[in-house]
């Protein structure tokens, strides 16, 4: 109900203060409910006014705002209660672009706004489908399957307006090519022309050098902030004895309300998938076709000898090291990266008791460091009831090592005394929100 209240007043304020805007897509159920975010275009000159409006409304309705730079980008409004966290994500665009090059003119958008019966502005169907097509085509070289029918239908119905939208940035010749391929549903041919269309868009952008320089400057400043100043993603690792609920909690978290904060979600069990499983390599040498290569190496119960206990963390340590670029990139792209087991398991699991701690410490220093280490702590008797094959003494040993890991990483660690999954998820969500807000200060 709180999201409905906010969005209703949000649209009313936009209209009252005469801010030029429109909802770009997926508006049919607004303001009652929305998907991961609300995509909105705001006239560039009204960006500062829009920013102040969101701040003021958030304060009035007791939302904690995590706002972007003035004008464009991600706006997050957070309302926390004892048993629920409401997150409203508004994705604001002041120009529609690919790599900083506009592919729909601002004047075209402003001249094709329509009033929607639920109390806000949307785009005319012709301009809306032009953005649907070009956004996916220029960015990914594909047209989304779910958009194809509506694009084809509207392109056939009102060709002149669609041609105008395409032609303004691509020229009439290539605008007509895009239009005809869309009308005929010839998506494969259109997708093959992606690089050609990108080149044409780039060349034509130099026809207005001053304007294009402004857009590129804004684009590159935004990219610099994302990748080098205040990335919005989170790299999160669960630790705890076997049976503490790491996998269950990770699976529930990735589908919880917190997903509104992130553009993409990644869930890893054990390590990155860059190098082949050690078991597969061993099976080739042993020619043991019956070896179960699907179960994680961590699940073996027998302690390894010193040499073998060193080989595994060295091998997989290099695999973790290769993940540096992935973590950096996806955090900048607002990704949530979750491991329900990470390198710390080489300290915890009994198979690696004979591995020298100094070796693990060295490897730990060169692999990606999580933003958050979450220790799911519980009474050994309760964990034993879930994982009866582990004796209570082993659970106690693993819990003690987890506590030592937390002590070494105080600034990034959270200890949760596990109770109900709902309480655990709520606590983790609040912790993630606080982490993100603190990163932006």
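Some observations on this one:
- Taking the criterion of being over 29 Å from residue 150 (Cα atoms) and in a strand (DSSP E or B), the only residue of segment 14-64 that qualifies is 64.
- Index of the failed condition, residue 267 passing every other in (1) touching a helix residue (DSSP H, G or I) at 6+ places or on another chain (Cβ under 6 Å); (2) buried (at least 16 other Cβ atoms within 10 Å of the Cβ); (3) at pLDDT 90 or above; (4) outside any loop (DSSP other than H, G, I, E, B): (2)
- Count of segment 224-241 residues which are in contact (Cβ under 8 Å) with a residue 60 or more places away in the chain and out of contact with any helix residue (DSSP H, G or I) (no Cβ under 7 Å at 6 or more places or on another chain): 3
- Which listed residue, of 106, 139, is out of contact with any helix residue (DSSP H, G or I) (no Cβ under 7 Å at 6 or more places or on another chain), touching a residue at least 40 places away in the same chain (Cβ under 8 Å) and not assigned by TED's automatic domain parsing to the domain that holds residue 435: 139
- With a requirement of 1 or more residues that are touching a residue at least 12 places away in the same chain (Cβ under 8 Å), touching a helix residue (DSSP H, G or I) at 6+ places or on another chain (Cβ under 9 Å) and surrounded by fewer than 18 Cβ atoms within 10 Å (Cβ to Cβ), the helices (runs of 4 or more DSSP H) lying completely within segment 359-441 that satisfy it span 392-408, 421-440.
- Flag for residue 119 being touching a helix residue (DSSP H, G or I) at 6+ places or on another chain (Cβ under 6 Å) and not assigned by TED's automatic domain parsing to the domain that holds residue 182: yes
- Test: residue 133 is buried (at least 17 other Cβ atoms within 10 Å of the Cβ), in the same structural domain as residue 159 (by TED's automatic domain parsing), more than 18 Å from residue 36 (Cβ to Cβ) and touching a strand residue (DSSP E or B) at 6+ places or on another chain (Cβ under 8 Å): no
- Selection of helices (runs of 4 or more DSSP H) fully inside segment 301-354 by the criterion of at least 1 residues being without any contact (Cβ under 8 Å) to a residue 24 or more places away in the chain returns 306-321, 324-332.
- Considering segment 94-198, the qualifying helices (runs of 4 or more DSSP H), each wholly inside and each with 1 or more residues that are more than 29 Å from residue 9 (Cα to Cα), run over 125-140, 145-157, 159-183, 187-192.
- Segment 353-387, residues that are over 17 Å from residue 240 (Cβ atoms) and more than 30 Å from the chain's Cα centre (by Cα): 353, 354, 355, 356, 357, 358, 359, 360, 361, 362
- Residue list for segment 316-337, filter: touching a helix residue (DSSP H, G or I) at 6+ places or on another chain (Cβ under 7 Å) and closer than 26 Å to residue 279 by Cβ: 317, 321, 337
Residues checked against (1) over 29 Å from the mean Cα position of the chain (by Cα); (2) outside any helix (DSSP H, G or I); (3) not assigned by TED's automatic domain parsing to the domain that holds residue 427:
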residue	(1), (2), (3)
203	yes, no, yes
214	no, no, yes
220	no, no, yes
236	no, yes, no
276	no, yes, no
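The values are calculated or read from the model by the stated rules, or taken from the named source; none is laboratory data. Quick caveat: nothing in here was measured; it's all calculated off a predicted structure. Positions of Cβ are backbone-derived with ideal geometry, glycine not excepted, and every protein chain shown enters the neighbour counts.
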